[in-house]
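Shown next, in structure tokens, is the structure this report addresses.
Read the figures in this text as sums done on the coordinates, not as results from a lab. Bear in mind the structure is a predicted one, so any value in this text is a computation, not a measurement. Glycine gets a Cβ as well: all are built from the backbone with ideal geometry, and neighbour counts include every protein chain shown.
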């Protein structure tokens, strides 16, 4: 279950979190993307498909983790590149073979 601060209710599904909020399994709260937890050094990002904060964007629809916005994206933002090994949007493609 996840807490939702505005209504002060416990929610049983991540899809019950308000629009723009995601279920964070570390804090058990509905949070905005930039508040998704960091777990064991791994920054979690918000996944629009599952409505969870996740350690990586592995689904077939949104493939890349935009660590600046902490959001799974279909295409990396301008001046960033999708790295197939890390599934993250990077500043350059050096050393990503």
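Can you tell me which residue in the stretch 67-81 is surrounded by the fewest Cβ atoms within 10 Å (Cβ to Cβ), limited to those that are in contact with a strand residue (DSSP E or B) (Cβ under 7 Å, 6 or more places away or on another chain) and under 18 Å from residue 42 (Cβ atoms)? Only one residue tops the list, namely 67.
Can you name the residue in the stretch 65-83 that is assigned to a loop (DSSP other than H, G, I, E, B) and touching a helix residue (DSSP H, G or I) at 6+ places or on another chain (Cβ under 8 Å) and is also nearest to residue 33 (Cα to Cα) among such residues? Steps first, please.
Within the stretch 65-83, the subset assigned to a loop (DSSP other than H, G, I, E, B) is 67-70, 74-80.
Still in the running and touching a helix residue (DSSP H, G or I) at 6+ places or on another chain (Cβ under 8 Å): 69-70.
Numbers: 69: 7, 70: 5 Å.
In this case the residue turns out to be 70.
Condition check for residue 6 on (1) surrounded by 11 or more Cβ atoms within 10 Å (Cβ to Cβ); (2) not in a strand (DSSP E or B): one failure, at (1). Sub-7 Å Cβ pairs linking a first residue in the stretch 26-41 that is free of Cβ contacts under 8 Å to residues at least 12 places away in the same chain to a second residue that is surrounded by 14 or more Cβ atoms within 10 Å (Cβ to Cβ), at least 6 apart or interchain, are 27/37; 38/44, ordered by first then second residue.
So, in the stretch 10-31, exactly how many residues are farther than 15 Å from residue 47 by Cβ and in contact with a strand residue (DSSP E or B) (Cβ under 7 Å, 6 or more places away or on another chain)?
Here is the first cut: in the stretch 10-31, the ones farther than 15 Å from residue 47 by Cβ are 10-12, 16, 18, 27-29.
Right, trim to in contact with a strand residue (DSSP E or B) (Cβ under 7 Å, 6 or more places away or on another chain) and you get 10-11, 18, 28-29.
Number of matching residues: 5.
Quick one: is residue 91 surrounded by 13 or more Cβ atoms within 10 Å (Cβ to Cβ) and without any contact (Cβ under 8 Å) to a residue 40 or more places away in the chain? No, not satisfied. When the stretch 34-55 is filtered for residues that are in a loop (DSSP other than H, G, I, E, B) and either surrounded by 15 or more Cβ atoms within 10 Å (Cβ to Cβ) or in contact with a strand residue (DSSP E or B) (Cβ under 6 Å, 6 or more places away or on another chain) (or both), the ones remaining, listed by number, are 36, 37, 44, 48, 50, 51, 55.
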